[in-house]
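To start, the structure itself, in structure tokens.
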Amino acid sequence: MSKPFIEFENVTVVRDGRVALDRLDLRIDEGESVAVLGPNGAGKSTLVQALTREVYPFAGGEPSALRIYGRDRWDLFELRGLLGIVTTELVRACTGRYTALETVLSGFFGSIGVWPHHDVTPTMRERASEALERMRLSALADRHLIEMSTGEVRRAVIARALVHRPRALVLDEPTTNLDVSGKREMRAAISGLARSGASVVLVTHQLEDVVPEIGRVITLRRGRVLHDGPPDEVLRPEPLRELFGAGVALHEIGGVRLLL
């Protein structure tokens, strides 16, 4: 029987006086590759921030729980070895004058960049090189992130998460603001990660991000699950109009689903 690695049970999160997650019930098991899809304001970012402990569930009312690998309390360094989370805020923070290699190595220390007091071992360097190779960035190892394209920066930050060899990855809006080439490279990277056997949770508002390796789609609206099922059931005109609004239309071009 599969074991859950993320469990939300009756979780409510209130932000700025507004309910962002509304008694959310959601379970994702080990080995699953899942897309969490929804429009802006649906609660996707709050879901990710609840995992990173940037926001906390509402303490009052009915009992609730948020567990990762069956536990509701974790040492941060211990958790990094199991779950890698790449957010838009982390990507922004990493975009500076550190090289791609230094950025990836910094994942071992929970820092942005490598500092003089950090003891970088040969094993760390080997694993950092492996992570860059997985993200097809080996040729850019010595280039500063500020000199790289937006897509290359995002792949470098994913490589930073991969140095811990986590069992699961959560990717928050990985293709936002990328050009056509950057989106293609990022989606290829997501496909490769999903094929590697790690659990991948893709949080996005873009239908095109749901690569073929994604086996389950969960849609969020107003902080609650609206749909949950295989892509062929959820990514159809009727559920998508219910999710995004009556004015959207589903098109398929070259095997890629698009909302227009």
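The values are calculated or read from the model by the stated rules, or taken from the named source; none is laboratory data. Please read all numbers here as calculations on a predicted model, not as lab measurements. Here the Cβ positions follow ideal geometry from the backbone for every residue, glycine too, while neighbour counts run over all protein chains shown.
Does at least one position in the stretch 69-91 carry a residue that is of a type outside the set (S, T, N, Q), out of contact with any helix residue (DSSP H, G or I) (no Cβ under 8 Å at 6 or more places or on another chain), closer than 29 Å to residue 245 by Cβ and modelled with pLDDT of 85 or more? Yes, the conditions are met somewhere in the stretch 69-91.
Only one of the listed residues (52, 103, 12, 46) is closer than 25 Å to residue 163 by Cβ and buried (at least 17 other Cβ atoms within 10 Å of the Cβ). That residue is 103. Take the stretch 64-86 and flag every residue that is on the phi < 0 side of the Ramachandran plot and among the hydroxyl-bearing types (Ser, Thr, Tyr). Once the filter is applied, which keeps residues that are on the phi < 0 side of the Ramachandran plot and among the hydroxyl-bearing types (Ser, Thr, Tyr), the stretch 64-86 yields only 64.
Strands (runs of 3 or more DSSP E) fully within the stretch 172-232 that include at least 2 residues being modelled with pLDDT of 95 or more and within 12 Å of the chain's Cα centre (by Cα): 199-204. Among the residues making up the stretch 197-234, a single one is free of Cβ contacts under 8 Å to residues at least 60 places away in the same chain and among the polar types (S, T, N, Q): 206.
Residue 95 - would you say it is of a type in the set (Ser, Thr, Tyr) and touching a residue at least 40 places away in the same chain (Cβ under 8 Å)?
Details: of a type in the set (Ser, Thr, Tyr): yes; touching a residue at least 40 places away in the same chain (Cβ under 8 Å): yes.
When the stated conditions are applied, residue 95 passes them.
Answer with yes or no whether residue 7 is modelled with pLDDT under 95, out of contact with any helix residue (DSSP H, G or I) (no Cβ under 9 Å at 6 or more places or on another chain) and either within 24 Å of residue 196 (Cβ to Cβ) or of a type in the set (Val, Ile, Thr) (or both). Criteria not met by residue 7.
Pairing each residue of the stretch 61-80 that is surrounded by 15 or more Cβ atoms within 10 Å (Cβ to Cβ) with any residue that is polar (S, T, N, Q), provided the two are 6+ apart or on different chains, yields C-beta distances under 7 Å for 64/10; 64/12. Checked across the stretch 200-210, the condition of being over 30 Å from residue 241 (Cβ atoms) and either surrounded by fewer than 22 Cβ atoms within 10 Å (Cβ to Cβ) or touching a Ser or Thr at 6+ places or on another chain (Cβ under 6 Å) (or both) holds for no residue.
Do we find that residue 46 is touching a strand residue (DSSP E or B) at 6+ places or on another chain (Cβ under 7 Å) and among the polar types (S, T, N, Q) in this structure? Yes. Within the stretch 122-171, restricting attention to residues that are without any contact (Cβ under 8 Å) to a residue 12 or more places away in the chain and over 14 Å from residue 193 (Cα atoms), the residue that is farthest from the chain's Cα centre (by Cα) is 122.
Residues in the stretch 138-170 that are of a type in the set (Val, Ile, Thr) and assigned to a helix (DSSP H, G or I) were compared, and the one that is surrounded by the most Cβ atoms within 10 Å (Cβ to Cβ) is 157.
Among the residues of the stretch 19-33, those that are farther than 16 Å from residue 220 by Cα and out of contact with any helix residue (DSSP H, G or I) (no Cβ under 8 Å at 6 or more places or on another chain) comprise 29, 30, 31, 32. In this structure, residue 36 does satisfy being modelled with pLDDT of 95 or more, surrounded by 14 or more Cβ atoms within 10 Å (Cβ to Cβ), among the β-branched types (Val, Ile, Thr) and in contact with a helix residue (DSSP H, G or I) (Cβ under 7 Å, 6 or more places away or on another chain). Kindly evaluate residue 15 against the criterion of being within 30 Å of residue 130 (Cα to Cα) and not polar (S, T, N, Q). Taking the combined requirement at face value, the residue does not satisfy it.
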